[in-house]
1. Being charged (D, E, K, R) and over 21 Å from residue 56 (Cβ atoms) is the filter; apply it to the range 1-44 and report the residue that is surrounded by the fewest Cβ atoms within 10 Å (Cβ to Cβ).
2. Just for the range 160-176: of the residues that are under 14 Å from the mean Cα position of the chain (by Cα) and not in a loop (DSSP other than H, G, I, E, B), which one is surrounded by the most Cβ atoms within 10 Å (Cβ to Cβ)?
3. Given (1) open to solvent by 30 Å² or more (accessible area, probe 1.4 Å); (2) under 16 Å from the mean Cα position of the chain (by Cα), where does residue 57 come up short, assuming only one miss?
4. Filter the range 102-127 for residues that are surrounded by 12 or more Cβ atoms within 10 Å (Cβ to Cβ) and either touching a Cys at 6+ places or on another chain (Cβ under 7 Å) or modelled with pLDDT under 95 (or both) and give the result.
5. Determine which single condition residue 149 fails, assuming it passes every other condition in (1) closer than 30 Å to residue 32 by Cβ; (2) not in a helix (DSSP H, G or I).
6. Check whether at least one residue in the range 194-211 is modelled with pLDDT of 85 or more, over 27 Å from residue 70 (Cα atoms), of a type in the set (D, E, K, R) and surrounded by fewer than 14 Cβ atoms within 10 Å (Cβ to Cβ), and report yes or no.
7. Would you list the helices (runs of 4 or more DSSP H) that sit entirely within the range 1-90 and hold 3 or more residues that are among the polar types (S, T, N, Q)?
Amino acid sequence: MSLTGAYLDTAAQAVTLLGALEVASCWEKASALTGMTVGSLAGHLAYQVFSVTPAVQEPTSPEAPIPLLEHYARAAWIDAPLDGEVNAGIRAKGEDIASEGAQVLLERARAALAAQKVALPVVRDGGVVFMPQTGWALSLDDFLVTRMMELAVHMDDLAVSVKIAAPELSATAFEPVLTLLAGLALRRHGQAALLRALARAERAPSAINAL
């Protein structure tokens, strides 16, 4: 399975989760994430799918793409405080996306995914996605990895919030997500904390908390 196929598979899992009865019935309740209802978290999850649509509708960017980890090194939100402007904006956007309710959000997500299933497989290799919200570009493959990571993390958040099992990613999706998360953990916490969390149970608790 290609990265395109892995993304589409992961996005389909997210859309299925958005349609879970437990999500709709808990829509106004607090989620597992501070300051977000289940509905606003669902909106944030759906946004990860919606954000791919411009990448397949617009011509490939002439901008030179930056490396994936450099994208996160530059990102304003990565180390922002929970109550800071960036994270407040993320929460507000999720609320806005979800404002018409669970069924409308589900229908929009289904429609976006259906269009992407047609458009993404015919995007030529070497595509570049310019992200106006950041001011730089990523290769299409790297951009899809960012979406899969967000989908994986927030599917787990949403599933925990409504007390159902989180979907398991395919191996083709999970491997780049794991590689990305390990790279981010390494940059933030260093080799020792990462190795202990992964390989030394007797020293893992403090290392895992740090990660």
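1. Filtering first and then ranking leaves 28.
2. Per the criteria, the residue is 173.
3. Result: residue 57 fails condition (2) only.
4. 119, 120, 121, 123, 127
5. Answer for residue 149: the failing condition is (2).
6. No, the range 194-211 contains no residue that is modelled with pLDDT of 85 or more, over 27 Å from residue 70 (Cα atoms), of a type in the set (D, E, K, R) and surrounded by fewer than 14 Cβ atoms within 10 Å (Cβ to Cβ).
7. In the range 1-90, the matching helices (runs of 4 or more DSSP H) lie at 3-18.
Residue by residue, here is whether (1) touching a residue at least 40 places away in the same chain (Cβ under 8 Å); (2) under 16 Å from residue 94 (Cα atoms); (3) aromatic (Phe, Trp, Tyr) holds:
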residue	(1), (2), (3)
5	yes, no, no
8	yes, no, no
21	no, no, no
39	yes, yes, no
43	yes, yes, no
65	yes, no, no
71	yes, no, no
74	yes, no, no
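The values are calculated or read from the model by the stated rules, or taken from the named source; none is laboratory data. Predicted model only: the values in this text are computed from it and were never measured. All Cβ positions, glycine included, derive from the backbone under ideal geometry; neighbour counts span all protein chains shown. For the accessible areas, the whole protein counts, side chains as well, though only heavy atoms, and no ligand, DNA or RNA atoms are used. Shrake-Rupley method; radii C 1.70, N 1.55, O 1.52, S 1.80 Å.
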